[in-house]
Ligand code: FAD
């Protein structure tokens, strides 16, 4: 291309993927004529930070807007046109019909290359009675959160219902609580945050109810009234504001009507260079169908990082820098009050669905050296393939930097690493940040011990069944720890005295050994195994994970605790 013959590049969608594609395009082609259309009032705002405006952590809504149209022009010579909606694509003529929403004028804009990044819209089922009521909101853009904030303030709202316990629902719930509202969080699934396994979600459930939230699981929204919502069970929940966060649907109408191929998951079909079925049209972000890096299955993923990466690949593709997106693993993180949670790759649930034979190493190490101020435990689950030891995924919950630990695993996934690779990764260490054997290293060592046959384990989630079956559960914590709370019926033989009490233990019966976190009991299990006890199982996660895991379920299911007292430390 020459200066006389600039390429006409049209971008539809002016936020994460669209703005990134446009800016990358400019950096690679100074002469191109780039126009970015955005239906909404703002371009390039921080979707991910929207919930934090509701809680007041972000005080000024203006700061959510990262770049305005003038800056796009000044810095990039990109014509960013907010309040301009693309109505249709004429692929033969290579034009897009555009409506200027402010002036209600329609024009045809020509393109040589078209980039689609229309995102995904919140699901607002018309079939739900009351969905159009004035106090029902969704969270997608700056105007949405401004509208919610105004409603909360002008109506002096005291009670809100958040429908949907995914990322957006949980973040909005947290922020409404921070604002001082009484909040009900409602999800039809038996847990919040489906990318996490049920056991990890229990830690989040405890944190949520500890903050006074009414957490209602396993019950879907039936209808909405002016004074609240009715659930499928018939239960009524009072609310003066209702936030819908039950998921998003890729915006594919434009692409579909233009005859572009749509994938099996409902996203726009693209190749690994993000090209649609029309070679002049690329699509990126929440609207496209992706391939899962590990399973090869088609999937959708509404996350910002992948959208930005795809935008770069799509722009590179037309600038002699052909590159392929490698597929996604779904790495994500969120904060739930004082807990942080992060996950990457396949969960146990996903492994089961895929028929993958897997093993779990579950550890509860401290995030930094225990004597350092602020040190706190991390619940860390590592999932790896049986036999090959290939790491499949990980999930972490704790007060410290769980995202850093999950990022290590996400990196390993990209290189198809194994538990041995993980064990051998040299991580940085200072007591301020971590421990000399970091959380992920501890998980890898545990996984190696299991696969080397050095230890057999059961999970903390199995303790209730074992307790009810009358299994012999041995608590190897010291007597003072035991006195503060223990599994009913568990026999206390502290590790420090174990070798003097061997005659009290049967050799013809399985022994389930636990301590606080599973570390001391691993030592106990090793000793017992070498002293002639064959059926010895270390309880991964041990007492502390058990308490966190059981707490919410005990409270909500009205069941008898299997512990004399919970101990969450
Ligand atoms: P978007 O950024 O949504 O941009 C699409 C834009 O296209 C929209 O503004 C829309 O108005 C416009 N558009 C659609 N159709 C047309 C049309 N016909 N004409 C003109 N314009 C059109 N991801 C994370 O990774 N981490 C997080 O913590 C996180 N938190 C989030 C919190 C919230 C509240 C939300 C809503 C999202 C969050 N996400 C998060 C997801 C992330 O924001 C999205 O994955 C990302 O923005 C997708 O980029 P996109 O370009 O595909 O879509």
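Every number in this text was worked out from the coordinates using simple rules, so none of it is lab data. Because the structure is a prediction, the values reported are computed rather than measured. All Cβ positions, glycine included, derive from the backbone under ideal geometry; neighbour counts span all protein chains shown.
Return one number: the angle in degrees, 0 to 90 and rounded to the nearest 10, between the long axis of the Cα atoms of helix 542-557 and the longest principal axis of the Cα atoms of the chain.
Taking the Cα atoms of the chain, the angle to 542-557 is about 70 degrees.
Let me see the P(r) profile for segment 412-514: every Cα-Cα distance counted, bins of 10 Å, each bin given as a percent of all pairs.
The percentages, shortest bin first, are 12, 30, 31, 21, 6, 0.
Quick one: compute the contact order of the chain, relative version, from alpha carbon pairs under 8 angstrom and 6+ residues apart, as a percent.
Once divided by the residue count of the chain, the mean separation gives 10 percent.
Using Cα pairs under 8 angstrom and six or more residues apart, how large is the relative contact order of segment 433-569, in percent?
It comes to 27 percent, rounded to a whole number.
I'd like the distance between the alpha-carbon centres of segment 528-557 and segment 508-527, rounded to an integer number of Å.
Using only Cα atoms to place each centre, the spacing works out to 9 Å.
Mind giving me the nanometre distance, one decimal, between the label points for residue 27 and residue 105, set 7 Å out from Cα along Cα→Cβ?
For residue 27 paired with residue 105, the spin-label model returns 3.4 nm.
Per the helix-only calculation at 222 nm, which mean residue ellipticity applies to the chain, given -39500 (n - 2.57) for every DSSP H run of n ≥ 4 and division by its residues, nearest 500 deg cm²/dmol?
Result for the chain, helices only: -8500 deg cm²/dmol.
With a bin width of 10 angstrom, please list the P(r) values of segment 515-569 as percents of all Cα-Cα pairs, from the 0 bin to the one holding the largest distance.
Computed distribution, short to long bins: 25, 38, 26, 11, 1.
What is the packing order of peptides 447-453, 376-382, taking the mean over residues of other C-beta atoms within 10 Å and listing the highest first?
Packing order, densest peptide first, comes out as 376-382, 447-453.
Using packing as a proxy for protection, rank 323-336, 277-290, 41-54, 128-141 so that the peptide with the highest average count of other Cβ atoms within 10 Å comes first.
Highest mean packing first, the order is 277-290, 41-54, 323-336, 128-141.
Could you give the length gained on full extension between residue 227 and residue 559, defined as 0.36 nm per residue of separation minus the Cα-Cα distance, in nm?
The span from residue 227 to residue 559 would gain 116.3 nm if fully extended.
How many angstrom separate the Cα center of segment 338-405 from the Cα center of segment 198-213?
Cα centres, segment 338-405 to segment 198-213: 17 Å.
Return 388, 127 ranked ascending by Cβ neighbour count within 10 Å, so the fewest neighbours appear first.
In order of increasing Cβ crowding within 10 Å: 127, 388.
Over the chain, what is the percentage of antiparallel beta bridges among all DSSP beta bridges, to the nearest 5?
Rounded to the nearest five, the antiparallel share is 55 percent.
Of the DSSP beta bridges with both residues in segment 453-569, give the percent that are antiparallel, rounding to the nearest 5.
Within segment 453-569, antiparallel bridges account for around 5 percent of the total.
Can you give the relative contact order of segment 208-339 as a percent, counting alpha carbon pairs under 8 Å and 6+ residues apart?
16
How much length is gained on full extension from residue 465 to residue 235, taking 0.36 nm per residue of separation minus their Cα-Cα distance?
79.7 nm
One-quarter of the Cα convex hull surface for the chain, in nm²?
The directionally averaged projection comes out at 29.0 nm².
Mind pulling the angle between the C-alpha long axis of helix 519-530 and the longest principal axis of the chain? Nearest 10 degrees, somewhere in 0 to 90.
Approximately 50 degrees, to the nearest ten.
Pull out the extension gain between residue 75 and residue 151, defined as 0.36 nm times the separation in residues minus the alpha carbon to alpha carbon distance; nm, one decimal.
Extending this stretch completely gives an extra 23.7 nm.
If you average the alpha carbon positions of segment 65-95 and of segment 482-504, how far apart do those two centres end up, in angstrom?
Segment 65-95 and segment 482-504 have Cα centres spaced 69 Å from each other.
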